[in-house]
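Q: First the structure, which I've put down as structure tokens, then a few questions once you've had a look.
The values are calculated or read from the model by the stated rules, or taken from the named source; none is laboratory data. For clarity, every value in this text was computed on a predicted model and none was experimentally measured. Note: ideal-geometry Cβ built from the backbone for every residue, glycine included; neighbour counts use all protein chains shown.
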Amino acid sequence: MTNTSSSPAPALARLIEQNRSWAREEQGRDPGIFDGLSATHAPVAMVVGCCDARVSMDQALGVRPGEIFYHRNVANLVRPSDAAIGASMEFCLGVLRAPHLIVCGHSRCGGIQASLAGHSDGDLGRWIAPVRSLVGEVGEELEALDEVADRVEALARMNVVRQVANALRHPAVQARLDDRAHPLQVHGWYYRIEEGMVEEVELPRERWQKKGLLPG
Ligand SMILES: [Zn+2]
């Protein structure tokens, strides 16, 4: 059935109503907030996250509009051939000079589960091909884990490390790592949906320094 009226469907009407009260409350709590946001764009971090609807970083981190610059895709990938994320990094890190770059994976990730299951159909299959390749590389390590949930978590964490490494190879990131006036820090995070908690993922920084991906 086609909705021919100009008013939104009830479920969407609720969202619009909530938007109006949110905007009024924000303006009441912090008068001029929207004027300020209109005048400046100075995020403290770029977060590369998954599309998963259960991961809402603004709320989880308690940040205000304007603090985090997001780039989201299935399984939080930084693919060298992906102009969308390249453009985001050029703008956020090269132009806005955000001081932190965070790749954030999460528990129960559908993209990670599909990769583990060898899903290769359609656009999703094409998109997660690099994660399937990662499964091929670390298969023995994953198979050593008895529980499927543990494999999903281990792969999600390994994927974060891989995606940070990919980000480090991007010219926009390399330029910032060389820019002593505007230092950039890179981080790997893992968000646990079951607890709403973010954890640091350990990164092989020394290995990356030896490879020249990070300054020594
Ligand atoms: Zn996900």
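Q: β-branched (Val, Ile, Thr), more than 21 Å from Leu213 (Cα to Cα) and within 16 Å of the ligand (Cβ to nearest atom) - does that describe any residue in region 98-106?
A: Checked against the condition, which is being β-branched (Val, Ile, Thr), more than 21 Å from Leu213 (Cα to Cα) and within 16 Å of the ligand (Cβ to nearest atom), region 98-106 yields no hits at all.
Q: Residues in region 198-216 that are in a strand (DSSP E or B) and free of Cβ contacts under 8 Å to residues at least 40 places away in the same chain: how many?
A: The qualifying residues number 2.
Q: Could you tell me whether any residue of region 117-125 is within 15 Å of the ligand (Cβ to nearest atom), in contact with a Gly (Cβ under 7 Å, 6 or more places away or on another chain) and in the same structural domain as Leu61 (by TED's automatic domain parsing)?
A: Looking through region 117-125, at least one residue is within 15 Å of the ligand (Cβ to nearest atom), in contact with a Gly (Cβ under 7 Å, 6 or more places away or on another chain) and in the same structural domain as Leu61 (by TED's automatic domain parsing).
Okay, residues lined up against (1) crowded, with 20+ Cβ neighbours inside 10 Å; (2) part of a helix (DSSP H, G or I):
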residue: Glu153; (1), (2): yes, yes
residue: Ala156; (1), (2): yes, yes
residue: Asn159; (1), (2): yes, yes
residue: Ala165; (1), (2): yes, yes
residue: Gln174; (1), (2): no, yes
residue: Arg180; (1), (2): no, no
residue: Pro183; (1), (2): no, no
residue: Gly188; (1), (2): yes, no
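Q: Can you say whether Ala13 is surrounded by 10 or more Cβ atoms within 10 Å (Cβ to Cβ), assigned to a helix (DSSP H, G or I) and touching a residue at least 24 places away in the same chain (Cβ under 8 Å), as far as the supplied structure shows? So that I can check it myself, show each step before the final result.
A: Details: surrounded by 10 or more Cβ atoms within 10 Å (Cβ to Cβ): yes; assigned to a helix (DSSP H, G or I): yes; touching a residue at least 24 places away in the same chain (Cβ under 8 Å): no.
No: the conditions fail for Ala13.
Q: Looking at Arg169, Arg108, Arg126 in this structure, which one is at pLDDT 95 or above, surrounded by 14 or more Cβ atoms within 10 Å (Cβ to Cβ) and among the basic types (Lys, Arg)?
A: Arg108
Q: If you don't mind, there's one more thing I want to ask. Looking at Ala53, Ala60, which is the one that is touching a residue at least 60 places away in the same chain (Cβ under 8 Å), within 16 Å of the ligand (Cβ to nearest atom) and small (Gly, Ala, Ser)?
A: Unique residue meeting the criteria: Ala60.
Q: Among (1) part of a helix (DSSP H, G or I); (2) in the same structural domain as Arg151 (by TED's automatic domain parsing); (3) surrounded by 15 or more Cβ atoms within 10 Å (Cβ to Cβ); (4) away from the ligand (no atom under 16 Å from the Cβ), there is one condition Gln113 misses while meeting the rest; what is its number?
A: Failing condition for Gln113: (4).
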